[in-house]
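Worksheet: one structure, shown below.
The values are calculated or read from the model by the stated rules, or taken from the named source; none is laboratory data. Because the structure is a prediction, the values reported are computed rather than measured. Backbone-built Cβ (ideal geometry, glycine too); neighbour counts: all protein chains shown.
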Amino acid sequence: MTQTDFLYLMPLIILTVAALVNMLVVAAWRNHKIIYVITAVSFVAAFLSLFELRGITAYTIDPLFVIDSFGVFYIGLILATSLLISMLSYAYFEQREEQKEEYYILLILSTLGACTLVISTHFASLFLGLEVLSVALYSLISYLRGREHSDEAGVKYLILAAFSSAFLLFGMALVYFSLGTMSFGGIAAAITDLPTLPLLLLTGFGMMIVGIGFKLSVVPFHMWTPDVYEGAPAPVTAFIATVSKAGVLGILIRFFMEVDGFRYPTLLTIFTIVAIASMIAGNLLALMQTNVKRILAYSSISHLGYLLVAFLAGNQMGVEAITFYLVAYFITTVGAFGVVAMLSDTERDAELLEDYRSLLWRRPWTATAFTAMLLSLAGIPLTAGFVGKFYILAAGVNTQQWLLVSMLVLNSIIGLYYYIKIIAVMFQQPEAEAEPRERLRPSIYLASVGTLAVLTLLLVLVGVYPAALVDAIQNIFSSAPAFVAK
Amino acid sequence: MILLWMIVILMAGGLLAWLSKKWHPVLPRWIALFAVLTDFILAVYLWLSTPAATLGASPWLVQLEIPWVPQWGVNFILALDGLSLLMLLLTFFIGILAVLISWREIKVKTGFFHFNLLWVLAGITGVFLTMDLFLFYFFWEVMLIPMYFLIGVWGHANRNYAAYKFFLFTQASGLLMLLAILGLYFIHGSQNGNYTFNYFELLGTTLAPEAARLLMFGFLAAFLVKLPVVPFHSWLPDAHSEAPTAGSVILAGLLLKTGAYGLLRFVLPLFPTATVEFAPWAMLLGVVGIIYGAILAYSQTDLKRLVAYTSVSHMGFVILGVFAFNEWALQGVVMQMIAHGLSTGALFIIAGFLYERLHTRDIGQMGGFWAKAPKMGVIALVFVMASLGLPGLGNFIAEFLTLVGSWQANNWLTVFATIGLVLATAYSLRIMQKVFYEPAPTDHPLADLNVREMLIAVPMVVLILWLGLYPQPVLDTATPSINQQLQAYQELEVKEEKVAVVEEKAEEQSIKQTKRENTKVPL
């Protein structure tokens, strides 16, 4: 490795060092605040180091990584999201009995894994990144061991994730067996002349889709999602819903664009079925829930379905739409789980619809922020979610995917119903004046409140003036020719 | 710039009203009143300074264009013509009334209430002004959410159900319109490489008949649900009857008009051939709506529900007129939008006054109020008469013009539509009889209108009389933009006329008129 390689990998190195430093500090002196500050500072530092890499053309570190503007943008997105989640975590964990410090180490590690994923161009680095992400998540999910559903969620995720990793590995092995290469570029070169995929290769790709589909929690690999979302602590749920999915989606886009998988109708059919099934199943199942975390879990399944609609557009506009939607969706999801985290008390998370009854009367600002988040998830104008959904619809209409587009519209309407249900509960008039619940020192909540305020403002800003973000995203793809439709 | 200010004043006023609740409980009301009043004055100023319409001049009075999302060809275009101006005047007038009638009625969360009220008005203002289809959809949705909250938080007992239904119906139909907008956008872009949502540029898009039909149905979905036309009307009685008075007034007076406005502004000029094909069906739906709404109105016992169904009936005239494609009918439609906004708004306000006093909307428990509350009785009489189309009041002009226009397009359907007027007499008189003339079931005293209430009611009476006795200023303001909407059809007719001339030369004007209708059928 040369010195320039180090420079280009700086964000990953900062994260690695931060994890190590945290471990040493924990060994020497347990203090929640110090660990928290180190974590936040390292996220910020890693994020700032990305500015050095702005506007670069692809820089390859053979054979594992390529750092291009696409990767830089996704790393930036992941780091920013992780930073926001760590901000929300402080107040949440401050009121727990458990030891809090290791949480941050695991958070950094899994962020590192997600960052590695989005710049991989080789099966080895792909698998490495994915496992770093997943292994850290195993323990994050069951971090609050005393909780009722915590072990169930952790074990469920462990078994299913390991299982899906096995599928992924087997798929990779099959691809390697038939093509003799594991780098994306090599695979692309080997299959350019194939009009159809041979059975063995198709099986390999199919098994990889199973592995990837599990991480993305699309139907029919979604069974774990609601239980894990419910059992995990609220900030961790936010992390699973955003960062881990961004990493996997990033690698999926990169791989598919590189090998131009859109040439093969079989693969397109598989993704079309998955997309439609995810939208419908996610939304219909969400209708029946009374637990806010489970509603958000099912809604995330359907949102992944929406993203696949843009993915299936298979052109630059589609990838732009995905990227835009991810930004909007991350702001929204982190905000929504941030509200859940903020309302949680020492014993359990605020996850039942009952906890939100008449919230507008008890805590008007929190209720307003949550309403904004839910409206954004439903894709209502003035919020980022609307512009994202518009972008996806535009990408779909542009490539005349009428079936997918009409499914998306139908599902938006179904989705509306359960988002509105939560809002309606929050806006109900209270029957009796509720006792104000006891809260920790208000200063602890400063970080959470600040983060929520920032997220809400961002949500409206992106919704009202999307031009800046659209411009930034279009710039990425103009300097990353690999992603322009072939 | 003045157009942008109108929207900004409402939105900023809304935010300020919300925040000002902390400082003083009455402040939100005054801020809201002041904001709407300012806008009303601006609109009146615009109207008075409008030059008299000259033939052939551009109908656009004021225009504003700011790039918004240039990458997608989205521009912040606001433009005002006579039609928009009339709609704005109506919007702000009804807005003022909505603030005034909530003065006593709304007691909880007043800050948030006025925020929602002003934002609904801002959304409606945007819908009436914008000439960019992306922005149009944007405002279309902006007026939806605050309305949902108005119904869902301050409504009557069954408010949650009504709010849900309203929201789902309008949102679902709105999304179909969004798809149609996108379809139009990409078809236009692929033709000349200019991807834009600009209304003026999209007007010239040439569409294949099949595409035009599909896109038209996308737009129609949104507007017919909002209007509402009969199979899609079921959200309306619930929403209208459960909303607080200000909500009902805005729903009936303004939100329904956005549907009619959308038909005039977008469906007619964008899809001239597809609409002609669809016209007989649309007119049929209109007639079904007129009669069905009237029959259902007659059988209601809930006063607000009754008035809500009269809206269904009256809106039938709108769609009947729009799809007649001639100036008479469209003038009638514009008059109907204004007159119905006033008269139905007034009836809802009276229902609100009664509810405040009696805490019931059940007609069975009312009666004998003519003696107890004579002022209220007189005002109710005026608007009931307006609703049944008594000459001298605005609705008569509207319905007369619409029927004259639609007669030229389709004789038989017009005959059936006229039956609606008879039914209107029946249900309107039933209101008067049940509420005011019949002997009282109970002997409770009923307070007559106080000064604030008179202040609300009297201007409406004056306006509806003015519309009925001297409608010329309104017609003059609307004429240029109506001709603009009909341009595509006049070109069509010119072509047909040439054919007619070749067949039989030199015919009298009146015969030619009927000839046109005859040649229109095979299209």
message: Take the residues in the range B:105-119 that are more than 26 Å from the chain's Cα centre (by Cα) and buried (at least 20 other Cβ atoms within 10 Å of the Cβ); name whichever of them is farthest from the other protein chains (Cβ to nearest Cβ).
response: B:110
- prompt: Say we look at the range A:410-431 and pick out the residues that are under 23 Å from the mean Cα position of the chain (by Cα) and among the small types (Gly, Ala, Ser); which of these is nearest to the other protein chains (Cβ to nearest Cβ)?
  reply: A:412
statement: Scanning the range B:76-104 residue by residue, the ones that are under 25 Å from residue A:382 (Cβ atoms) and surrounded by 22 or more Cβ atoms within 10 Å (Cβ to Cβ) total 14
query: Within the range B:134-141, can one find any residue that is within 22 Å of residue A:360 (Cβ to Cβ) and either modelled with pLDDT under 90 or not aromatic (Phe, Trp, Tyr) (or both)?
result: yes
field: Check on residue B:139, closer than 17 Å to residue B:92 by Cα, touching a Ser or Thr at 6+ places or on another chain (Cβ under 8 Å) and at the interface with chain A (Cβ under 9 Å from one of its Cβ atoms)
entry: yes
message: For the range A:451-471, give me each residue that is exposed (fewer than 14 other Cβ atoms within 10 Å of the Cβ) and among the hydrophobic types (A, V, I, L, M, F, W, C).
response: A:453, A:457, A:468
message: Can you tell me which residue is nearest to the other protein chains (Cβ to nearest Cβ) among those in the range B:190-200 that are out of contact with any strand residue (DSSP E or B) (no Cβ under 8 Å at 6 or more places or on another chain) and not in a helix (DSSP H, G or I)?
response: B:195
field: Test for residue A:163: is it exposed (fewer than 15 other Cβ atoms within 10 Å of the Cβ), among the aromatic types (Phe, Trp, Tyr) and over 23 Å from residue A:114 (Cα atoms)
entry: no
- line: Note on the range B:173-193: residues surrounded by fewer than 19 Cβ atoms within 10 Å (Cβ to Cβ) and either closer than 18 Å to residue B:136 by Cα or touching a Gly at 6+ places or on another chain (Cβ under 6 Å) (or both) are B:186
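Restricting attention to the range B:390-397, does a residue exist that is assigned to a loop (DSSP other than H, G, I, E, B), crowded, with 24+ Cβ neighbours inside 10 Å and touching a residue at least 60 places away in the same chain (Cβ under 8 Å)?
Checked the range B:390-397: at least one residue is assigned to a loop (DSSP other than H, G, I, E, B), crowded, with 24+ Cβ neighbours inside 10 Å and touching a residue at least 60 places away in the same chain (Cβ under 8 Å).
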message: Filter the range B:319-376 down to the residues that are free of Cβ contacts under 8 Å to residues at least 40 places away in the same chain and not in a helix (DSSP H, G or I) and list them by number.
response: B:359, B:360
- request: State the number of residues belonging to the range A:393-409 that are hydrophobic (A, V, I, L, M, F, W, C), more than 8 Å from chain B (Cβ to nearest Cβ) and in contact (Cβ under 8 Å) with a residue 60 or more places away in the chain.
  value: 5
- prompt: In this structure, does residue B:71 turn out to be modelled with pLDDT under 90 and in a strand (DSSP E or B)?
  reply: no
message: Restricting to the range A:432-460, name every residue that is away from chain B (no Cβ under 13 Å), in contact with a helix residue (DSSP H, G or I) (Cβ under 9 Å, 6 or more places away or on another chain) and modelled with pLDDT of 85 or more.
response: A:448, A:449, A:450, A:451, A:452, A:453, A:454, A:455, A:456, A:458, A:459
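Does residue B:288 satisfy the condition of being part of a helix (DSSP H, G or I) and under 30 Å from residue B:157 (Cβ atoms)?
No, not satisfied.
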task: Kindly establish whether residue A:78 is among the aliphatic types (A, V, I, L, M) and under 19 Å from the mean Cα position of the chain (by Cα).
output: yes
message: The conditions are (1) under 24 Å from residue A:240 (Cα atoms); (2) at pLDDT below 85, and residue A:361 fails exactly one of them. Which is it?
response: (1)
- prompt: Do you know which residues across the range B:439-496 are among the polar types (S, T, N, Q) and exposed (fewer than 12 other Cβ atoms within 10 Å of the Cβ)?
  reply: B:442, B:450, B:472
- request: Would you be able to tell me the number of residues in the range A:8-32 that are in a loop (DSSP other than H, G, I, E, B) and touching a helix residue (DSSP H, G or I) at 6+ places or on another chain (Cβ under 6 Å)?
  value: 1
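Quick grid of which residues meet (1) within 18 Å of the chain's Cα centre (by Cα); (2) in contact (Cβ under 8 Å) with a residue 40 or more places away in the chain; (3) surrounded by fewer than 23 Cβ atoms within 10 Å (Cβ to Cβ):
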| site | (1), (2), (3) |
| --- | --- |
| B:218 | no, yes, yes |
| B:234 | yes, yes, yes |
| B:249 | yes, yes, no |
| B:274 | no, yes, yes |
| B:278 | no, yes, yes |
task: Pick out the one residue from B:431, B:419 that is of a type outside the set (Ser, Thr, Tyr), more than 21 Å from the chain's Cα centre (by Cα), part of a helix (DSSP H, G or I) and buried (at least 24 other Cβ atoms within 10 Å of the Cβ).
output: B:431
message: If I filter the range A:370-384 for residues that are part of a helix (DSSP H, G or I), surrounded by fewer than 20 Cβ atoms within 10 Å (Cβ to Cβ) and more than 7 Å from chain B (Cβ to nearest Cβ), do I get at least one hit?
response: no
task: May I ask you to list the residues in the range B:151-163 that are hydrophobic (A, V, I, L, M, F, W, C), more than 23 Å from the chain's Cα centre (by Cα) and more than 10 Å from every other protein chain (Cβ to nearest Cβ)?
output: B:157
- prompt: In the range A:275-298, what count of residues is obtained for those that are under 19 Å from the mean Cα position of the chain (by Cα) and surrounded by fewer than 22 Cβ atoms within 10 Å (Cβ to Cβ)?
  reply: 1
query: In this structure, does residue B:132 turn out to be more than 13 Å from chain A (Cβ to nearest Cβ), closer than 23 Å to residue A:462 by Cα and among the acidic types (Asp, Glu)?
result: yes
task: Mind checking which helices (runs of 4 or more DSSP H) fall wholly inside the range A:203-310 and carry at least 3 residues that are touching a residue at least 12 places away in the same chain (Cβ under 8 Å) and out of contact with any Phe, Trp or Tyr (no Cβ under 6 Å at 6 or more places or on another chain)?
output: A:224-231, A:245-259, A:265-287
message: Suppose we keep only residues that are of a type in the set (Gly, Ala, Ser) and within 7 Å of another protein chain (Cβ to nearest Cβ) within the range B:164-189. Which one would you say is farthest from residue A:357 (Cα to Cα)?
response: B:183
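One line per residue, one yes/no per condition, for (1) farther than 20 Å from residue A:137 by Cβ; (2) among the aliphatic types (A, V, I, L, M); (3) surrounded by 18 or more Cβ atoms within 10 Å (Cβ to Cβ):
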residue: A:27; (1), (2), (3): yes, yes, no
residue: A:49; (1), (2), (3): yes, no, yes
residue: A:56; (1), (2), (3): yes, yes, no
residue: A:66; (1), (2), (3): yes, yes, yes
residue: A:94; (1), (2), (3): yes, no, no
